[in-house]
Amino acid sequence: MPALMLFWESINKRVLFMILLIIGIWFNFNWLSGGYILKAENLTNLFSQVAVVAILASAMTLILVHGKIDLSVGSMLGMFGALMATMATDLAWNSYLSVGIILLLGFAVGCFHGALVHYFKMPAFVVTLGGLMAYRGVTQYLARKSIPITTPWIKAIVQKSLPDWASYGLLALIIVCFFYFMFRKRVSHSRNGLSNFPLWIDIIKTTVLSATIASLFIIMISAGGVPLRVVIMLAVALTVSIIARFTRFGRYVYAIGGNEQAAHYSGVSIAWNTILLFGLMGFIASIAGVVQVAELYSAAPDIGDLKELECIAACVIGGTSVAGGSGVIGMSVLGALIMASIKNGMSMMGIVAQMQKVILGSLLVLAVALDQWSRRAKR
């Protein structure tokens, strides 16, 4: 009994709740749809659909942790996608050069947002709201007539999947990373005089997590392979997670979000970290723009519409605090998966798009209310 109680104490209750919620959503809609939701093809399609929102949510998590918000990411996504399509198709520029330019431009635009927020003391809400309107106008001008994508390697982002051997290799790499980071965390706690749960508990939890990921990979492989969109999503989420957990910049972001004045007196450069953080958001928005254009096979005037709200909702549902200071990238990805699962299930049930927005908006409000309630309960 003591061992079971210790194991229960070691479990992150929010993660457990979200996983059980996803399973409940899948099985409920699977029953209502006559067994369609849990088919391998539909689940693979679901994982592909969540890619763009999850990519944006990875960086948006750090923005919210910092205590700021970026409302322009959907419009930036659309603008960069339209610019890339214009350069690669209308102007017949080299496609690799076109993508490289918008990645650099995304970082520069993000840094510009950060500079306005810090040096001019403008609320991030106002700066990025202005960007939302301005970039949407640029997108509608560039893509007033949809610009088709003809570049094979860009279209392959949607059309292609990893071969089986590469899929299993990627799975093995992910599992190795899970165990590596688990042991690294234990060593770090020991060096800093912090206590660890018994080793067998961490091994069991990491094994269960690995088995869950392996099951999802096997489902995708049985349906034709792991889509390249999913690979890009995993790469972005893992990279941002490593930045957040194992770099000085990531630790500073959490410190500033927790108490900006204390971080400043501790020698943390608020200006540098704010500018770099918004630059990272812009860079990742440009990546999402390439993926979104590849999904649609063209750049349309409404590309990226409402994506900023979807990625913010994914972060909040995943437990990222709107007050700053706390948030986990992996949880935001789970939040994006919950939203995509609900949308997928409602589409299968024939629920109209207008009602879907009402339900998802209500879910966002409920998630914020639960976050505030849990914070008051802790205090």
Charge tally for neighbours of MET182 with beta carbon under 13 Å away, counting Lys, Arg as +1 and Asp, Glu as -1, is +4
Accessible area of PHE27 in the full protein assembly, 1.4 Å probe (Å², nearest 10): 120
Take the Cα atoms of region 67-111, find their three principal axes, and give me the spread along each one in whole Å, biggest first. 41, 15, 10
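Which order, highest average first, do 186-194, 57-65 follow once you tally other Cβ atoms within 10 Å for each residue and take the mean per peptide?
Details: 186-194: 10.2, 57-65: 29.7.
Ranked from most to least packed, the peptides come out as 57-65, 186-194.
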Theoretical gain in end-to-end length, ALA108 to LEU20 [0.36 nm per residue, Cα-Cα removed]: 27.6 nm
Express the C-alpha Rg of region 279-327 as a ratio against the empirical globular expectation 2.2 N^0.38 Å, rounded to two decimals. 1.36
For a label point 7 Å along the Cα-to-beta-carbon line of LEU194, residues of region 248-280 with backbone N under 13 Å: 251
Principal axis dimensions, region 193-290 - Cα atoms, whole angstrom, descending: 54, 45, 15
Once every Cα of region 43-130 carries one equal point scatterer and solvent is ignored, give the base-10 log of I(q)/I(0) from the Debye formula at q = 0.15, 0.18, 0.23, 0.24 Å⁻¹, two decimals. -0.69, -0.90, -1.14, -1.17
Correct semi-axes for region 107-217, from √(5λ) of the alpha-carbon gyration tensor and rounded to whole Å with the largest first, are 42, 29, 11
Between ILE201 and ALA323, how many nm apart are label points set 7 Å from Cα along the C-beta direction? 2.7
If you look at just the Cα atoms of the chain, how large are its Rg and its Dmax in Å? 21.0, 69
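Quick one: length gained pulling MET122 to SER222 fully straight, 0.36 nm per residue minus the C-alpha distance? Walk me through the numbers before you get to the answer.
Values: separation 100, 0.36 × 100 = 36.00 nm, distance 5.07 nm.
Stretched fully, the MET122-SER222 segment lengthens by 30.9 nm.
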Within region 146-179: backbone nitrogen closer than 20 Å to the GLU41 label point (7 Å, Cα to C-beta): 158-164
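Counting pairwise Cα distances across region 299-375, what percent come out greater than 19 angstrom?
Details: 1160 of 2926 pairs.
Percentage above 19 Å: 40.
What does the extension gain come out to for ALA262 and TRP31, with contour length at 0.36 nm per residue minus their alpha carbon separation? Don't skip to the end; give the middle numbers.
Numbers: separation 231, 0.36 × 231 = 83.16 nm, distance 5.22 nm.
Taking 0.36 nm per residue and subtracting the Cα distance, the gain is 77.9 nm.
To the nearest 0.05, how large is the calculated FRET efficiency for PHE183 and TRP8 if R₀ is 22 Å and r is the Cβ-Cβ distance?
Numbers: r = 23 Å, r/R0 = 1.03.
Once the sixth-power term is evaluated, E becomes 0.45.
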FRET efficiency for ASP164 and ASP305, Cβ-Cβ distance as r, R0 = 35 Å, nearest 0.05? 0.45
For region 294-354, accessible area per residue (1.4 Å probe, heavy atoms of protein chains only), Å²: 34
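The values are calculated or read from the model by the stated rules, or taken from the named source; none is laboratory data. These numbers were taken from a predicted model, which means no experiment stands behind them. Positions of Cβ are backbone-derived with ideal geometry, glycine not excepted, and every protein chain shown enters the neighbour counts. Side chains are part of the model used for accessible areas, which takes the heavy atoms of the whole protein and leaves out ligands, DNA and RNA. Shrake-Rupley method; radii C 1.70, N 1.55, O 1.52, S 1.80 Å.
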